[in-house]
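A short write-up of the structure that comes next.
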Amino acid sequence: MQGSNILCNKMSFAHPTSAFCRLTPPSARGHSEKNIHVPKGFTPNNDGHNDKLYPIPVGIKTLKAFRIYNRWGLLMYDNKDAGINDGWDGKYLGKPQPTETYTWIAEGIDDDGNLIRRSGNTVLIR
């Protein structure tokens, strides 16, 4: 998780050096994180688990956009004013897309009125 620290023996390290370390998310440490997370992969196979790719806003008041592009830059999904339960089902023009890496861009407004932009890659797994 972006912005996380590894806690080992009550000390914080950038990288774990022991099998007895644990990942502690910023929210558990009392920090107010403002970010938009998107899973690294999803499986749109209609089994009820990970069937859609959607943004997970943290400290975001309004999610303004969520866009997904294929490796050639073709816009596969565009959901302006995207909601937390809206997401890409892995289809383009009604046709299931192949297993590959897709690029996403998300924009939102945080609780302080600042624009937050994030981008990354995710893998569609069939």
Exercise. Within segment 71-88, is there a residue that is assigned by TED's automatic domain parsing to the domain that holds residue 118, among the basic types (Lys, Arg), under 19 Å from residue 105 (Cα atoms) and at pLDDT 95 or above?
Worked result: yes
Seminar exercise, completed: Among (1) at pLDDT 50 or above; (2) outside the structural domain of residue 106 (by TED's automatic domain parsing), residue 17 falls short only on (1)
Problem set entry | Test for residue 101: is it of a type in the set (Val, Ile, Thr), surrounded by 12 or more Cβ atoms within 10 Å (Cβ to Cβ) and at pLDDT 95 or above | yes
Seminar exercise, completed: Those residues of segment 36-90 that are outside any loop (DSSP other than H, G, I, E, B) and touching a residue at least 12 places away in the same chain (Cβ under 8 Å) come to a total of 22
Exercise. Yes or no: residue 48 out of contact with any strand residue (DSSP E or B) (no Cβ under 8 Å at 6 or more places or on another chain), modelled with pLDDT under 95 and not charged (D, E, K, R)?
Worked result: yes
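The values are calculated or read from the model by the stated rules, or taken from the named source; none is laboratory data. Keep in mind that this is a model prediction, so the values were computed, not measured. Methodologically, a virtual Cβ is constructed for each residue, glycine included, from the backbone with ideal geometry; neighbour enumeration extends over all protein chains shown.
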